[in-house]
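To start, the structure under review is shown below, and the notes come after it.
The values are calculated or read from the model by the stated rules, or taken from the named source; none is laboratory data. From a predicted model like this one, the values you see are computed outputs, not experimental measurements. All Cβ positions, even for glycine, are placed from backbone atoms using ideal geometry, and neighbour counts span all protein chains on display. Quick note on the areas: whole protein, heavy atoms, side chains included, nothing else; ligands and nucleic acids left out. Shrake-Rupley method; radii C 1.70, N 1.55, O 1.52, S 1.80 Å.
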Amino acid sequence: PAATAPVVAVDLPSGLAADTGNILGVAAPALATVTFVGPKRGLYTADGPGLVGDVRFDDLGIPAAIRAEHPGSGRLVQPGDVVLAPRPANSHKGRFGRVAVLGGEAGMGGAAAMAGWAALRSGAGWVVCCAASEAVATVAGFRPELMTAPWDQSAAVIADGDVLAVGPGLGSSATAVELVAAALATDRALVLDADGLNRVAERPELA
């Protein structure tokens, strides 16, 4: 910490775990990191982004054929990688996927609203946030594109969704547990996040 000279890390900053991005006791922050052979997951996860500075990659001239034999274990999504296809003028939101977000306990409606907005930004056409009745106004005021429903209408919301996102701001109430269980009982594509994961962790029978 007392050093004043700029630090350039070779391959990855000292003390940073290459696979996880965790700090192994103490790590040296760098102004820039030049990494070799392959980008390491730890440069982009956990504590890594706060330590690596400007990341540059050099493949050291490894032939493409060799790289093809040893594919990476993940993919670094870059701006522009995900581009939504143009949509016909004669179309409506129901043709582009239906996402149901279950979350938003009283005082935490913003979490459900942000998840719903992310679904819309990702291309879903129909997004409804099913939140506690006290939080419905918060969600509705966040983005006018988001539809809302209170928790007591969750059965219909789940039935209408193609994809379920369960957990943002869901809380730990008995109703939260019931919503997680109801979602898991379906055959819908499902993302468990935040309190959805917490409720499953507390109740192994849900897993």
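How fast does segment 91-154 diffuse by Stokes-Einstein, in µm²/s, taking the Kirkwood radius from C-alpha pairs at 20 °C and 1.002 mPa s?
The Stokes-Einstein estimate is 191 µm²/s.
Would you mind putting 144-152, 169-177 in packing order, based on average other-beta-carbon counts within 10 Å, highest first?
169-177, 144-152
How high is the FRET efficiency between Thr20 and Asp54 when r is their beta carbon distance and R₀ equals 22 Å, given to the nearest 0.05?
That pair, Thr20 with Asp54, gives E of 0.55.
Can you work out the Karplus-derived ³J(HN,Hα) for every residue in segment 56-70? Use 6.51 cos²θ - 1.76 cosθ + 1.60 with θ = phi - 60°, whole Hz, and x for glycine or proline.
10, 10, 10, 7, 6, x, 5, x, 4, 5, 5, 4, 5, 6, 10
Within segment 86-105, what residues put their amide N at less than 20 Å from the label point 7 Å along the Cα-to-Cβ vector of Ala189?
In segment 86-105, the label zone of Ala189 (backbone N under 20 Å from the point 7 Å along Cα→Cβ) covers 86-88, 92-103.
List the chymotrypsin sites (Phe, Trp or Tyr not before Pro) within segment 1-106 that fall in a DSSP loop (any state other than H, G, I, E or B) and whose Cβ has at most 12 other Cβ atoms within 10 Å.
Loop-located and lightly packed - none at all.
Can you give the FRET efficiency to the nearest 0.05 for Val34 and Ala85, using r as the Cβ-Cβ distance and R₀ = 45 Å?
Efficiency, from the Cβ-Cβ distance: 0.75.
Take the chain, connect every pair of alpha-carbon atoms lying under 10 Å apart with a spring to form a Gaussian network, then pick out the residue of Leu192, Leu24, Leu12 with the largest mean-square fluctuation.
The residue that fluctuates most here is Leu24.
Normalising by the residue count of segment 56-192, find the relative contact order in percent from Cα pairs under 8 Å and 6+ residues apart.
24
Quick one: with all protein chains in place, what share of the accessible area of the chain is carbon or sulfur, to the nearest percent (1.4 Å probe)?
That share works out to 58 percent.
I'm spelling it out carefully: the read-out is volume of the Cα convex hull per residue in Å³, the candidates are (1) 136; (2) 103; (3) 202, and one was derived from this structure. Which label?
For volume of the Cα convex hull per residue in Å³, the calculated option is (3).
Please give the Cα centre distance for segment 165-206 versus segment 84-143, rounded to the nearest Å.
18
Going by alpha carbons, how many degrees (0 to 90, nearest 10) lie between the helix axis of 174-184 and the longest principal axis of the chain?
Value to nearest ten degrees: 80.
How tilted is helix 109-121 with respect to the longest principal axis of the chain? Cα atoms for both, answer in degrees (0 to 90, nearest 10).
70
Gaussian network model of the chain, Cα springs within a sub-10 Å range: biggest mean-square fluctuation belongs to which of Ala113, Ala183, Ala28?
Result: Ala28 has the largest fluctuation of those listed.
Would you please give the residues with an amide H less than 5 Å from that of Thr148, counting only those at least 5 places away or on a separate chain, with H modeled from the backbone geometry?
Cys129
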